[in-house]
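Worksheet: one structure, shown below.
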Amino acid sequence: MIKHADLPDTIPIFPLGGALLLPRARLPLHVFEPRYLQMIEDALKTSSRLIGMVQPNVVPGREGPGLQTIGCVGRITQFSETEDGRYMITLAGISRFRVLAEVEGFAPYRRCEVSWEGFDQDHRSEKTDVNFKRQPFLDALSRYFDVRGLSADWDALKDADDELLINSLSMMLDFADEDKQALLEAPSLSTRRETLVTLIEYALRGGGEGEMMQ
């Protein structure tokens with residue numbers, strides 16, 4: 001595990017809408033755009049193999065997409081190259097960060113100066129959420145999956161620890177970019193779970209008014 005003190009001040013940035021990475025979670029990515037292929041190749045040459053995932057953010061008057069201020073860095077733990085030169089990689093989430101400034105340079109991809117301050121808790125696992133009522137949560141999730149025509153391994157969901165369940169669903173469910181950002185910025189596992197429940201219930205109501213699940 002990489003310690004906060006060992007994390008660099010500047011990291012390569014992969015701005016990808018809808019792709020959420022959380023600490024201690026894993027994100028598979030299919031990389032094919034030339035500048036990001038170069039980013040992967042450069043990262044693989046380093047000992048840390050770090051990539052920062054950030055949601056794009058539209059900024060009025062700016063040419064090209066801006067960046068959200070908070071992202072999550074991951075370490076490349078698996079990679080393979082296809083015959084036509086694309087990469088299939090897996091990022092293991094390490095820590096969130098705050099974007100301070102973009103760094104000018106000759107790399108074809110974006111690089112940012114970042115701060116790790118305020119995210120020490122990302123190195124401590126939160127396996128349990130003391131206020132988590134799992135069965136009502138799974139009931140709402142089942143209704144959500146039915147509406148979306150999704151399937152799930154319910155035995156695995158029932159057995160997963162709180163952190164794995166909440167973070168995996170936060171990453172995989174099809175929420176808007178700003179909702180993904182809210183899940184990323186949640187200060188604790190319980191806050192992320194509350195946000196996730198709100199989003200599921202809101203989707204089930206079709207955006208209308210109704211009683212929220214507690």
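The values are calculated or read from the model by the stated rules, or taken from the named source; none is laboratory data. Computed from a predicted structure; not experimentally measured. FYI the Cβ positions are ideal-geometry reconstructions off the backbone, even for glycines, and counts take in every protein chain you see.
Restricting attention to the range 76-97, which residues are in a strand (DSSP E or B) and either without any contact (Cβ under 8 Å) to a residue 12 or more places away in the chain or not assigned by TED's automatic domain parsing to the domain that holds residue 54 (or both)?
Listed by number, the residues that qualify are 80, 81.
Taking residue 113 and the conditions (1) in the same structural domain as residue 55 (by TED's automatic domain parsing); (2) buried (at least 16 other Cβ atoms within 10 Å of the Cβ), which numbered condition does it fall short on, given that it satisfies the others?
(2)
Report whether or not residue 185 is modelled with pLDDT of 95 or more and surrounded by 14 or more Cβ atoms within 10 Å (Cβ to Cβ).
Answer is yes for this residue.
Name every residue in the range 162-203 that is among the charged types (D, E, K, R) and within 18 Å of the chain's Cα centre (by Cα), in order of residue number.
162, 163, 174, 177, 178, 179, 180, 185, 192, 193, 194
Give the range 100-110 a look and list any residue that's assigned to a loop (DSSP other than H, G, I, E, B) and surrounded by 15 or more Cβ atoms within 10 Å (Cβ to Cβ), or say none.
The answer is 103, 109.
For the range 117-124, indicate whether the set of residues that are farther than 26 Å from residue 206 by Cβ, part of a loop (DSSP other than H, G, I, E, B), under 18 Å from the mean Cα position of the chain (by Cα) and modelled with pLDDT under 90 is non-empty.
yes
Here are some residues: 148, 193. Which one is within 24 Å of residue 74 (Cα to Cα) and among the basic types (Lys, Arg)?
193
Would you pick out the residues in the range 1-53 that are under 22 Å from residue 101 (Cβ atoms) and either free of Cβ contacts under 8 Å to residues at least 12 places away in the same chain or part of a loop (DSSP other than H, G, I, E, B) (or both)?
Of everything in the range 1-53, those that are under 22 Å from residue 101 (Cβ atoms) and either free of Cβ contacts under 8 Å to residues at least 12 places away in the same chain or part of a loop (DSSP other than H, G, I, E, B) (or both) turn out to be 5, 7, 8, 9, 16, 17, 21, 46, 48.
Could you tell me whether residue 170 is out of contact with any His (no Cβ under 6 Å at 6 or more places or on another chain) and farther than 23 Å from residue 74 by Cα?
no
Can you name every residue in the range 125-141 that is loosely packed, with under 13 Cβ neighbours inside 10 Å and at pLDDT 90 or above?
The answer is 135, 136, 139.
For the structure I just gave you, tell me whether residue 163 is surrounded by fewer than 12 Cβ atoms within 10 Å (Cβ to Cβ), within 23 Å of residue 54 (Cβ to Cβ), modelled with pLDDT of 90 or more and out of contact with any Pro (no Cβ under 6 Å at 6 or more places or on another chain).
no
How about the range 125-162: which of its residues are within 25 Å of residue 188 (Cα to Cα), not in a helix (DSSP H, G or I) and not polar (S, T, N, Q)?
Within the range 125-162, 126, 127, 129, 130, 132, 133, 160, 161 meet the criteria.
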